[in-house]
Structure formats: structure tokens, C-alpha cells
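S.K.: After the C-alpha cells below, expect a handful of questions from me.
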Amino acid sequence: MSTVQARTGRHRQRYENNLRLVSGCIPYRQTKNHEDHSTDLEKTIEVLMISSPNRNDLVFPKGGWEDDETVEEAACREALEEAGVKGILNEKPLGVWEFRSKSRQENCCLEGGCKGYMFALKVTEELETWPEKENHDRKWLSINEAFELCRYEWMRTALEAFLQVMEEDRELERREEVYSQTQHQSSFQMLWQSVQSCQPIAISLPVANTVAYAP
């Protein structure tokens, strides 16, 4: 049983222009071949999605952003409460989406309108138990599987934004790797040239005067 309790109620819920503010994330992990930059990005990343009771489709962890936390803290809290994972949050949002809830249980306000902020979360820890384990199963999926099973269109758009951020990060890593190799080769070449430029130095030592003694 989880020692962390899920937050309930709406008394601390944030609203903006009659829209309920929501924060969530796309939890992800890298596969064994993520360092191979020649491999398609979609084959180097898996994302974590959760189920809901009596539903076959899946969603990413999300929930209400409350007035005693930052939007980033809310995203991490929802990942812990709904999916039982902790990790490193990329604090740059994937985007902001306005959407309307499709179920009465998830009504965001009287009109059902929500404004959602989504982030990328690199998972570093998976808990055996979590606050909402009885309501949500979790499942690691390939990118293509996630697109097929995702419940909401706006979440698919968030997944596309996630892929773009991952591609940018991957390109940055590739450039840093190339730069590091270039710097290493340059340093080696400079050292080798320095060794080659060294010339032997002839040193003349004074000859000591010797005295011969007759036996």
C-alpha cells in the first residue's frame, strides 16, 4: 500500500477565464540503442501511459494544478499519483492546450473546459505501489503504439511536440559528441606536432684535468 496519499477535492484548484488549469507529463525512458544516432528516434524511446476504469484507450498522467504548487510540481505529482513514477522533468513545456472533457467524471468546470500544460519526464524510478494504482494500470509503449491508443487528439499533438523536443535534444547530443571528438583529435595532433618539432641538443661538458703519477 502506498504511503503517499493522492490529493482529492477541488478547493485548491486553479482556474483561468473559467477554464480549469491542468498539468501533466509524458513519462519516457530510453532503450538500449538510444546512443546509436543512426537509429530512428521512435525506436529509441518508450513512453508510459495509464488506463482508466472501463476504458480500452490510454492517457498520459495529468490532473488539476493547485494553488500551493508550481505547474512543474503539479506535473510531477500527477505522474507519481497516477502512474507511480518519479523522474527528471524538462521544465520547458511541450505546449499548452485548451480542450473539453469528454466525460462527466472528468468535467473541468461547469462548461467542461480545461487548459492543460504538458511536460516531458525522464523516468528514473518506478514504484511498486502508488496512490491510484487501483484505478490506473500503467504500460510502456512504443511511440507508434502510443499514437494508436491515445484517447485524446490534443494528447497526440502533445506527443508530436514531445518527439520534436527529443529530436532536438538528440541532435544537440550528436553535435556535442562530434565537438568532443574533434577537440580530442586536435589536442592529440598538437601534442604530436610538438613532439616532432623537438630537436636533439648537443651538450658539451668540460673535460676534467688529469694528473699522471709515476709509480
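S.K.: With every protein chain present, what is the per residue accessible area of the stretch 123-180 (1.4 Å probe, Å²)?
M.R.: Roughly 63 Å² per residue, with all protein chains present.
S.K.: For GLU69 and THR39, compute 0.36 nm times the residue count separating them, minus their Cα-Cα distance, and round to one decimal in nm. List each step's numbers first, then the result.
M.R.: Working: separation 30, 0.36 × 30 = 10.80 nm, distance 3.89 nm.
Taking GLU69 through THR39 to full extension adds about 6.9 nm, to one decimal.
S.K.: Give me, ordered by chain and number, the residues 5 or more places off LYS133 or on other chains with an amide H under 5 Å from its own placed amide H.
M.R.: none
S.K.: Also, quick follow-up: HN-Hα J couplings of the stretch 89-99 from phi, Karplus 6.51/-1.76/1.60, θ = phi - 60°, integer Hz, Gly and Pro as x?
M.R.: Values, residue by residue: 8, 6, 6, 7, x, 5, x, 10, 10, 9, 8 Hz.
The values are calculated or read from the model by the stated rules, or taken from the named source; none is laboratory data. Being a predicted model, the structure only gives us computed values, none of them experimental. Quick note on the areas: whole protein, heavy atoms, side chains included, nothing else; ligands and nucleic acids left out. Shrake-Rupley method; radii C 1.70, N 1.55, O 1.52, S 1.80 Å.
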